[in-house]
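First the structure, in the form of structure tokens, and then the observations on it.
The values are calculated or read from the model by the stated rules, or taken from the named source; none is laboratory data. Remember, predicted model here, so these are calculated numbers, not experimental data. We place every Cβ from the backbone using ideal geometry, glycine too, and count neighbours over all the protein chains shown. For accessibility, only protein heavy atoms count, side chains too; no ligands or nucleic acids. Shrake-Rupley method; radii C 1.70, N 1.55, O 1.52, S 1.80 Å.
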Amino acid sequence: MQPITTNALANCHICPRNCGIDRTIGQKGYCQAPLLPKVALVSKHAWEEPPISGTNGSGTVFFSHCNMKCVFCQNHTISQQQEGIEISVSRLADIFLEQQERGCHNVNLVSASHFIPQIAEALTIAKQNGLTIPVVYNSNGYESIAGLQMLEGLVDIYLPDFKYWDETLGLQYAHTPQYPQTTMAAILEMRRQIPNDCLDTQGILQRGIIIRHLILPQHDKDSCLILDWIQQHLGAETMVSLLNQYTPMYQANQFKNLSRRLTTFEYQKVTEHFLQIGLKNGFVQKRSSATSAYTPLFDGSGVQSADTFSKKEGENILW
């Protein structure tokens, strides 16, 4: 078993929950994550934003557990029900290299905040052994500055969500205190680490930030306030992905407005506001993306073996 060399997990403060528990002796905090990294799926993913998936796919590594509890989570079987396989840090490093060997444009770390020290160690090992493709940190946005600083110099692309502007929505829908304040600080730290966006000649992002926002039913005004903040604090050139894929899943029916899909009118109001305030670099989705069909099959493919993959791969038809 590859040792975890950092002391960060003996008094765990790597995410904003600041649980302070000792994961090295088996204690578990809010996310319930174990000491070793736990992975539910390794895949070649064609459904990310075009500069991420490109033509060869993004090398997604889906981590189990989460430091948030969004009631509509499409990945709830791994984030809340915690399906997945514990692996060593050295195996995780091998997975990163295998994604490069498969021709993926990047290694895409999905929902990884509760495993940052282990991932930092695995990335260091992989880079020493020849990993050269960009590393994407695909985040819910609820990150601590200290955690992000462990990744500085190891991550090339940040892909954070900005889910809620109104703090009460973060509490109601995700049981997450101070979500907007925490996410704003995290995104500014990401931008500090990677001040400029760089695409190659094929339009594939090599370094930079794309901010994702999932528009929720009856909350288009909240979405517009998030866009205002992005324009004011990060500038008109910031890449923003406006997601039209909201699908009532998991425990969404606890809230009446979350029990339906987004309307075309609601989505248009947000995309029009994007243009009105002068933002220039946006990605939009077709309404047909609002379906559970695009949720990956978290069957452990590629986690323990380099040869097995989920059959649920396809063309990039969301954008």
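General remarks:
- Length-normalised contact order for segment 142-300 - Cα pairs under 8 Å, 6+ apart - percent: 22
- Computed over segment 1-109, relative contact order equals 26 percent, with contacts defined as Cα pairs under 8 Å that lie 6+ residues apart.
- Å² of accessible area per residue within the chain, as computed with a 1.4 Å probe and no ligands counted: 40
- For segment 162-216, the Kirkwood estimate of the hydrodynamic radius, built from every pair of different alpha carbons, is 12.8 Å.
- Overall form of segment 1-133 per C-alpha gyration tensor (a/c, 1.5; a/b vs b/c): oblate
- Value of [θ]222 nm, deg cm²/dmol, for the chain, DSSP H segments ≥ 4, -39500 (n - 2.57) each, nearest 500: -8500 deg cm²/dmol
- Computed over protein heavy atoms with a 1.4 Å probe, the carbon and sulfur contribution to the accessible area of segment 219-283 reaches 50%.
- Summing Lys and Arg as +1 and Asp and Glu as -1 over all other residues whose Cβ lies under 9 Å from the Cβ of LEU169 gives a net charge of -2.
- Taking Lys and Arg as +1 and Asp and Glu as -1, the other residues whose beta-carbon sits under 14 Å from that of GLU266 total +2.
- Amide hydrogen neighbours beyond the local backbone of SER64, cut-off 5 Å, H modeled: LYS38, VAL39, ALA40
- Computed lengthening from ASN253 to GLN172, 0.36 nm per intervening residue step minus Cα-Cα distance: 27.9 nm
- Inverting the pair-averaged 1/r between distinct Cα atoms of segment 133-259 gives 15.4 Å as its Kirkwood hydrodynamic radius.
- Annotation for LYS28 and ASP299: the two label points, set 7 Å from Cα along the Cα-Cβ direction, are 2.6 nm apart.
- Normalised by the number of residues in the chain, the average gap of Cα pairs under 8 Å and 6 or more apart makes the relative contact order 19 percent.
- For the chain, the fraction of alpha-carbon pairs in successive 20 Å shells from zero, as %: 34, 61, 5
- FRET efficiency, 1/(1 + (r/R0)^6) with R0 35 Å, evaluated for LEU275 and LYS127 via beta carbons: 0.30
- Folded to 0 to 90 degrees: helix 264-276 orientation relative to the chain principal axis, Cα: 90
- Potential lengthening between THR263 and ARG102 on full extension [0.36 nm per residue; Cα-Cα distance subtracted]: 54.1 nm
- Using a probe radius of 1.4 angstrom, the carbon and sulfur fraction of the accessible surface of segment 80-158 is 45%.
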